[in-house]
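The values are calculated or read from the model by the stated rules, or taken from the named source; none is laboratory data. On a predicted model such as this, the values are computed, not experimentally measured, just so you know. Note that each Cβ is placed from the backbone with ideal geometry, even for glycine, and that neighbours are counted across all protein chains shown. These accessible areas exclude ligands, DNA and RNA; they are computed on the full protein's heavy atoms, side chains included. Shrake-Rupley method; radii C 1.70, N 1.55, O 1.52, S 1.80 Å.
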Amino acid sequence: YGDGAYQLYEKLLHPISSYLPYRVTIIPDGLLEYLPFEALLTAKADPNSSFRAWPYCLRKYSFCYAHSVLSLDEMRQRQNRPKYRQVLAIAPSFSPALAVRSSEERRRSFGVLEDNLAEVAGIRDLFPAKTLVGPEATVESFKALAGDYAVLHLATHAKADNENGEYAYVAFSETNDTAHSNLLYLKNLYTLPLHADMVALSACETGVGKLRRGEGVVSLARGFSYAGANSLVTTLWRISDRESATLMQRYYQGLKNDLPKDEALRQAKINYLDEASGNRAHPFFWAAFVTIGDMEPLDLPDGEWVWWLVGLAVVVVGYLGWRKWRSV
């Protein structure tokens, strides 16, 4: 990794490094769509040193990405007006894998996610949010509500399809209704009307898929973009549930502090990297997440407004009770 990351930097970025600003938008072509540029190395790394100390491009630049100049322009100019300027945060539940399953059951089985509930709870503490967790987090519930919210956050399982890109999917909680699948396929996203400023896909492989000549990578991220999202947070490989929850908590804290989306993710990665121990500092654990599209700061009311409303309600109820007591 160290040799390859430095060689790619020397080939791709070093020749133009004197022209690059701090914030860089990458529009990759071909296999470069699978590459997180922040994980490239600006110098040769000492293989005996800690991964925390390696000279990542992350520490020099703030990267964001786009599928094309046209799609970037469209995402920046969309005037989405969702019904609720809130987060719709999704955390499905999954049954433990069984030892004996048919081949079809094994293909569709998912491991238990131990940290996705804490992930959406952390978001709810920072921003006004509606959460769909456990049995509530179904495909049908998501479809019914997704178009009404300014931010969609999905902390779940997902799977790319390298043979037929349209069959990549996001997984939701299973139901007893055999007429409905718990999988939302990429091909279904094209007709899903969204008005979201941002869709955060905290799941595996949401930014990769079938590479088609002249078209690029057919991915879930691209599907949500077509559906109407202004910006995306997506992943380039299979991710760790625990590290993802940590990164997303720090990412939303940056958004609360009014950072641009790309800079909020960069700061989240740096904070994670500075505190990670041993091999947990390897880019596998933090570099999969990338941002796509419009990087303007998130325009949502602060989550503390809820407590102000609660306090106001308590005062009003107390005052009415006092008036009633005085009139007795």
Spherically averaged projected area of segment 32-178 from its Cα convex hull (nm²): 13.8
On Cα atoms only, tilt of 305-327 relative to the major axis of the chain in degrees: 10
Estimated vicinal HN-Hα couplings, Hz - segment 15-26 in sequence order (Karplus 6.51, -1.76, 1.60; Gly, Pro = x): x, 10, 4, 6, 9, 7, x, 5, 9, 10, 9, 9
Residue range of the chain that is longest and free of GluC sites (Glu not before Pro) which are both DSSP loop and sparsely packed (at most 14 other C-beta within 10 Å): 1-113
Under 14 Å between alpha carbons - lysine pairs in the chain that sit 8 or more apart or on different chains: 8
P(r) of segment 153-293 over all Cα-Cα pairs, binned every 10 Å from zero, in whole percent: 12, 40, 33, 13, 1
Descending Cα extents along the principal axes, the chain, whole Å: 84, 49, 41
Sorted largest first, extent of segment 15-84 alpha carbons per principal axis (Å): 52, 32, 24
Relative contact order %, the chain, counting alpha carbon pairs below 8 Å whose residues are six or more apart: 19
Rh (Kirkwood; distinct C-alpha pairs) - segment 1-48, Å: 11.7
Principal axes of segment 116-179: Cα extent on each, largest first, Å: 40, 27, 23
Carbon + sulfur, % of accessible area of segment 1-83 - ligands and nucleic acids excluded, 1.4 Å: 53
Simple spin-label estimate for Ser68 and Asp46 in nanometres, 7 Å along Cα-Cβ: 4.7
Per residue value of the accessible surface for the chain (all protein chains in place, 1.4 Å probe), Å²: 50
Helix 2-12 axis, angle to the chain major axis (alpha carbon atoms, nearest 10°): 80
